[in-house]
Amino acid sequence: MTSVPLTAWILLSLALVAIGIAGVLTRRNLLIALMSLEILLNGVNLAFLSFARFHGDTTAHAAVLVVMAVAAAEVAVGLALGIAIFRHAGSLDLDRANRMKG
Amino acid sequence: MKDLVAISPLWVSALTGLVAMALDLLTGSGRKSFLAWVVAIGLSLSAALGLALWRDPVILSFPSLVAVLHLDFHGAFFGALVALFGALAALLAVPHLPEQGIDEGETDALLAFSAFGGQLLVVAVDLITLFLGLEVLSLSLYVLAASRRSSPFGAEAGLKYFLLGGVASGLLLLAAAFLYGATGSLDLRTILDRLLAGSGGTDPTLAALALVLILVALGFKVAAVPFHFWTPDVYQGSPPPVTGYMAGAVKAAAFAVLARLLLTLWEVPAVAALGSRDVLLWLGILSVVVGSVLGVVQDDARRILAWSSIVHAGYLLLGLWAVEPREGIGGLWTLNGSVPFYLLAYGIASLGAFGALGVFARGGHEDYRLARLAGLGRGHPAATFVLMASVLSLAGMPPLGGFLAKFRLFQHVVAVDSPWSIPAVVIAVLASVVSLYYYLRILKVLYFDEPSEETAGHASSPAAAFAMAATVVASLVLGIVPTPFLDAGRRAAQGTVLAAGASLERVAAVATPSPAPVSAPVRFGEGVVPPDARRPAPPVPVQVIRDAVGGYRPPEAPLDQERRRAPDGARLMEVFRSPKARP
């Protein structure tokens, strides 16, 4: 089995991060925006693990576990905010929630 | 046990939050204003403990947690800022809670947790602890921003802050991953050592990329142009005391960590060559200009203050650009002493302004458009006076703290050896004049315009009145007897770059091959074992460190590196023992 070079892993993780950022900034549905945030963080996790493999070091494994816990907390807060938005706007459409301008 | 004492400022804040939650459950429904006092006292205690305990640099590492903390006056100063701003915000929020139907104690607990996050952020050495601190600070604030459940704007503010803040945190994490990729370590000191040594497949390009990501991520947090879009909406939708905290404490913590990360990475010539320092200059000028111009066209007092906060972020970026050469210890640059002082003066003034503004809310429906504020000054002389003092301090009027802070900061910018230092200050001063217009507009509306309709506002509470009085007194004290605070700011700035700790270890490793015995005359802090002895499995063996020292002192060292040459061990220890005795 041939090994995949580090560059490929990093490019993949950067692509995931880019997808995540684009999703958060452009998608109108809150749930999809939250999923994009998860993709972003998991892209970073992949970068951590690839670098850990490259360096033959395990510190980053602990980092990834911490990040996963933080990501879970973030989603919890995001869903709670989604409920608050839904109560007022009647939908999870971010454009309809956007009332403040200027 | 000694460690527990050493980190007591951190757990006191966290415990305060837990106690507030428990008391909230135990006391049932009813007025919960005493919770604000519990949190205010707890956070003040935490700030005082930090200032008392964290003097000489101590490095604490918890191997089982991958957590490394650097406890020194830098952490104490910025941690105290965050904690004290949290205490003031808790008190200021008291009269808001019942009207908004959010009198449940969660505001107080969340403020305490958020302050804990900020304190952790400014003492973190390893990037994961740093990320964790940032997230604890931010996640609590996302909820606080949305805590006006009755208002659709509250949820919207929280959501906007959450989504953009989440991306910013993700980018900071990506920067951490790149730094890890460049060096194979998450510990800032080891990262710096390995980058300086250029050993073990280190890659300055990745580190420079990380530097850009750090700038973007923390630019979001401090609301610098062009990463500022969220600021007016979030400031408008959040409860005013929370906004004051957001402006003061988040800026303090984020600037402290931004300065630490940027200056640490700039120690490496290869990285400094790739990531230019002048980016800060451009971002600063852009923030100052955009913030002061767009603030003029706003008609909501909170949005005006939001744009003002962007202007202040710009001034602070200019202050960060105006680094000072580091004296005494090997290293290149350190933060200039005016930036910590500026953060102190700015945070107090913005808490005072938002706290006083909160008094003008009516019957649970918060409306701070200037037209609705007309003439309210006559009905609330005390709150209007607080607002006036705070806003004038923000505008930089003597004899208030804001004037001196701005003056010192501009002095440092002028002193920078760059063709842009004078134009930058000219632009900044002109922007101050422009922003003075909108500050004075708020005051004019309050004092001189005819009241539009009924003038009822909040009945204030003793807690909020106390906090507002405290902000005015503090602004005056900062303006009239600034010397101790300026000195404290200077000392805090000295601890910005962790190379101080790293070069200490480097020199110790060279001078004494074996870890320094505990009984050595070196005092690392009471009862705390020297860092070398504490770490069971040092990420870089002593041998490598010694190689590193040899490696980054090549004979053809450029001028910059000449200054980096570490002084002999004994002298360095002396420098650490008495921070005041530094040249």
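The values are calculated or read from the model by the stated rules, or taken from the named source; none is laboratory data. The structure presented is a predicted model; accordingly, all values stated were derived computationally and were not measured. A quick note on method: Cβ atoms are made from the backbone with ideal geometry, for glycine too, and the neighbour counts reach across all protein chains shown. Quick note on the areas: whole protein, heavy atoms, side chains included, nothing else; ligands and nucleic acids left out. Shrake-Rupley method; radii C 1.70, N 1.55, O 1.52, S 1.80 Å.
In table form, for the structure just shown:
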| quantity | calculated |
| --- | --- |
| Number of positions in the range B:139-175 that are touching a Pro at 6+ places or on another chain (Cβ under 9 Å) and part of a helix (DSSP H, G or I) | 3 |
| Pair list, Cβ < 7 Å and 6+ apart or interchain, from the range B:180-199 residues that are at the interface with another protein chain (Cβ under 8 Å from one of its Cβ atoms) to residues that are open to solvent by 10 Å² or more (accessible area, probe 1.4 Å) and outside any helix (DSSP H, G or I) | B:Gly184/A:Asp57; B:Gly184/B:Gly200; B:Ser185/B:Pro539 |
| Given (1) without any contact (Cβ under 8 Å) to a residue 60 or more places away in the chain; (2) open to solvent by less than 10 Å² (accessible area, probe 1.4 Å); (3) not in a helix (DSSP H, G or I), index of the condition B:Ala224 fails | (1) |
| Hey, B:Val242 at pLDDT below 95, aliphatic (A, V, I, L, M) and under 24 Å from B:Trp420 (Cβ atoms) or not | no |
| Selected residue [within 16 Å of B:Phe220 (Cα to Cα) and at the interface with chain A (Cβ under 9 Å from one of its Cβ atoms)] from B:Leu132, B:Leu171 | B:Leu171 |
| Options A:Ala63, A:Ala18; residue that is in contact with a Phe, Trp or Tyr (Cβ under 7 Å, 6 or more places away or on another chain), small (Gly, Ala, Ser), in a helix (DSSP H, G or I) and closer than 20 Å to B:Gly181 by Cβ | A:Ala63 |
| Flag if A:Val17 is modelled with pLDDT under 95 and at the interface with another protein chain (Cβ under 8 Å from one of its Cβ atoms) | no |
| Single unsatisfied condition, B:Val297 versus (1) more than 18 Å from B:Tyr161 (Cβ to Cβ); (2) away from chain A (no Cβ under 14 Å) | (2) |
| Selection within the range A:76-92 - open to solvent by less than 40 Å² (accessible area, probe 1.4 Å) and either within 18 Å of A:Leu37 (Cα to Cα) or assigned to a helix (DSSP H, G or I) (or both) | A:Val77, A:Gly78, A:Leu81, A:Gly82, A:Ala84, A:Ile85, A:Ala89 |
| Residue in the range B:229-240 that is under 30 Å from B:Leu92 (Cα atoms), part of a helix (DSSP H, G or I), more than 14 Å from chain A (Cβ to nearest Cβ) and within 17 Å of the chain's Cα centre (by Cα) present | no |
| Residue check for A:Ala33: without any contact (Cβ under 8 Å) to a residue 12 or more places away in the chain, part of a helix (DSSP H, G or I), surrounded by 14 or more Cβ atoms within 10 Å (Cβ to Cβ) and within 8 Å of another protein chain (Cβ to nearest Cβ) | no |
| Single residue of B:Leu164, B:Leu137, B:Leu120 found to be open to solvent by 10 Å² or more (accessible area, probe 1.4 Å) and closer than 20 Å to B:His74 by Cα | B:Leu120 |
| Residues of the range A:51-88 that turn out to be over 18 Å from the mean Cα position of the chain (by Cα), within 20 Å of B:Leu144 (Cα to Cα) and within 8 Å of chain B (Cβ to nearest Cβ), as a count | 4 |
| Members of the range B:257-285 that are among the small types (Gly, Ala, Ser), modelled with pLDDT under 85 and in contact with a Leu (Cβ under 7 Å, 6 or more places away or on another chain) | B:Gly275 |
| In the range B:284-299, the residues that are open to solvent by less than 10 Å² (accessible area, probe 1.4 Å) and either out of contact with any Ser or Thr (no Cβ under 8 Å at 6 or more places or on another chain) or within 14 Å of B:Tyr235 (Cβ to Cβ) (or both) | B:Gly284, B:Ser287, B:Val288, B:Gly291, B:Gly295 |
| Matching entry among B:Leu49, B:Leu53, B:Leu88, B:Leu18 (being touching a Leu at 6+ places or on another chain (Cβ under 7 Å) and touching a residue at least 12 places away in the same chain (Cβ under 8 Å)) | B:Leu88 |
| Flag for B:Phe178 being farther than 30 Å from B:Pro232 by Cβ and in a helix (DSSP H, G or I) | yes |
| Within the range B:147-158, considering residues that are under 19 Å from A:Ala76 (Cβ atoms) and open to solvent by 10 Å² or more (accessible area, probe 1.4 Å), the one modelled with the highest pLDDT | B:Ser147 |
